[in-house]
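Each remark here refers to the structure printed beneath this line.
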Amino acid sequence: MSDSPLITSLRAEARDAPESGIVEVFNYGRNRPGLIPLWVGEGDLPTPDFVVAAANQSLARGETFYTYQRGIPELRQALADYHGRLLGGQFPAERFFVTGGGMQAIQIAARMVAGTGDEVVIPVPCWPNITAAVAISGARPVPVPMGFGNAGWTLDLDRLFDAVSDRTRAIFLNSPSNPTGWTATRAELEAIRQFAAKRGLWIIADEVYGRFFYEGPRAASFYDIADRDERILYVNTFSKNYAMTGWRIGWLSAPIELGQTIENLIQYSTSGVAAFMQRAATVALNEGDAFLEMQVARAREGRRICCSTLAATGRVRLAEPDGAFYLFFAVDGETDSRSLALRLVDEANVGVAPGIAFGDDTGFMRICFARSASQLEEAAGRLAEWLKPA
Ligand SMILES: Cc1ncc(COP(=O)(O)O)c(C=O)c1O
């Protein structure tokens, strides 16, 4: 940490925000010829043409002015319809709020429920932006280590509940999880919901990978069990389902009563998402089912390739992930994921994300398998070759 007066005079929460441990490896290897990048959380497909066309048409129509803070009515209705199709039942458009990516949805959710002196309980390993967003809000992220064993990744609910103190305001649950792929069962969600309700806690439910589930049509959701006016804030995004990571558009879903508060927080941060992006997102939801299904099928094949190739080396510990599009694996005898990720750039020409960036200090590493089968075969083959005993 710099001791420059410019830096030390900053607000502590801003000053102490951590540099992403994924970016360090990315910067180290970004220009390597032929490197296969499995370190970032996105697929290799561009946004489909019909979605791009909707944005172009909106711009050509002159939709370049300030727009609704909560989202354009057409997109909020499309979100309501999408949730109805996916989850059954009726969803009012008023409970959906369009945000600058899932990231801004996380930020707003964290700011609404936790601040200085508060705690937010979060299972780890977890995507570093979640803990960082909570810390920047002023609250203290309280990590709850997940277990890894024969049953794969598990969350010990007693351990989760024991981490709750008088200061806890919220439980943040990302299921399916980035980076482990762990996916809560309906029974686990119900237990967490009941505990949270008893203790008056909020739940921030990050369900951005809910469609990338390999044991059924979709992952279990808090929507399956909870009433609409409970203390649950749902974080979601267009980034993954519709290959729109670079657009920066997502949504928050919350009890209607919170509408004005959420509108205010959007107003005083981004002042809303550009109308042309919202037009594209509307089309993605209304017409994007086939594209999404194709992406899930591709990820399923990617998961098979990565898991089987690495498992066959006999030198890794891994569990086939139930959801999301990441494999979190460890190499026998290697406990320093940062230095291993840097070595894999040099020695295997494959980019992996070090587990230390996700709060795991036991040597796990994350690869993203939302890519073409041929690239994954090549990348997993290189890793397997590197893993061969000398
Ligand atoms: C668990 C999780 N939540 C939220 C997001 C946010 O997605 P975005 O801000 O790209 O829409 C991501 C992206 O990687 C994620 O992995």
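Quick notes on this structure:
- Leading residue by the ranking (nearest to the ligand (Cβ to nearest atom)) among those in segment 231-245 that are over 13 Å from the mean Cα position of the chain (by Cα) and more than 20 Å from Met294 (Cα to Cα): Leu233
- Where strands (runs of 3 or more DSSP E) sit wholly within segment 97-162, none has at least 3 residues that are under 13 Å from the mean Cα position of the chain (by Cα).
- In segment 234-283, the residues that are outside any loop (DSSP other than H, G, I, E, B) and over 24 Å from Ile203 (Cα atoms): Ala275, Phe276, Met277, Gln278, Arg279, Ala280, Ala281, Thr282, Val283
- Residue that is farther than 28 Å from Ala275 by Cβ and within 16 Å of the ligand (Cβ to nearest atom), where the choices are Ala219, Ala197: Ala219
- Some residue of segment 212-224 being in a helix (DSSP H, G or I) and surrounded by 16 or more Cβ atoms within 10 Å (Cβ to Cβ): yes
- Residues in segment 240-271 that are small (Gly, Ala, Ser) and crowded, with 21+ Cβ neighbours inside 10 Å: Ala243, Gly250, Ser253, Ala254.
- Whether a residue is loosely packed, with under 14 Cβ neighbours inside 10 Å, part of a helix (DSSP H, G or I) and either of a type in the set (S, T, N, Q) or away from the ligand (no atom under 16 Å from the Cβ) (or both) was assessed, and Arg85 passes this test.
- Of all residue pairs spaced 6 or more apart or on separate chains, those with beta-carbon atoms under 8 Å, a first member in segment 256-267 that is within 15 Å of Ala110 (Cα to Cα) and a second member that is of a type in the set (Val, Ile, Thr) are Ile262/Ile108; Leu265/Ile108; Ile266/Thr99; Ile266/Ile108.
- Within segment 208-251, being within 21 Å of Arg304 (Cβ to Cβ) and of a type in the set (D, E, K, R) holds for Arg211, Glu215, Arg218, Lys240.
- Residue in segment 210-231 that is among the aliphatic types (A, V, I, L, M), within 18 Å of Cys126 (Cβ to Cβ) and touching a residue at least 12 places away in the same chain (Cβ under 8 Å) present: yes
- Every pair of residues 6+ apart whose Cβ atoms lie under 7 Å, when the first sits in segment 25-37 and is at negative phi while the second is in a helix (DSSP H, G or I) and of a type in the set (D, E, K, R): Ile36/Glu378
- Considering segment 126-148, and only residues there that are crowded, with 24+ Cβ neighbours inside 10 Å and either more than 11 Å from the ligand (Cβ to nearest atom) or of a type in the set (Phe, Trp, Tyr) (or both), the residue that is farthest from Phe161 (Cα to Cα) turns out to be Trp127.
Per-residue answers, yes or no, for (1) within 12 Å of the ligand (Cβ to nearest atom); (2) farther than 25 Å from Asp81 by Cα; (3) modelled with pLDDT of 95 or more:
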| position | (1), (2), (3) |
| --- | --- |
| Arg95 | no, no, yes |
| Met103 | yes, no, yes |
| Ala109 | yes, no, yes |
| Val113 | no, yes, yes |
| Thr116 | no, yes, yes |
| Val121 | no, yes, yes |
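- Selection from segment 171-186 of residues that are closer than 16 Å to Val235 by Cα, more than 11 Å from the ligand (Cβ to nearest atom) and either in the same structural domain as Gly41 (by TED's automatic domain parsing) or not in a loop (DSSP other than H, G, I, E, B) (or both): Ile171
- Single match in Ala379, Ala330 (criterion: assigned to a helix (DSSP H, G or I) and crowded, with 18+ Cβ neighbours inside 10 Å): Ala379
The values are calculated or read from the model by the stated rules, or taken from the named source; none is laboratory data. Computed from a predicted model, the values in this text were never measured in an experiment. Ideal geometry is used to build each Cβ from the backbone, glycine not excepted, and the neighbour counts take in all protein chains shown.
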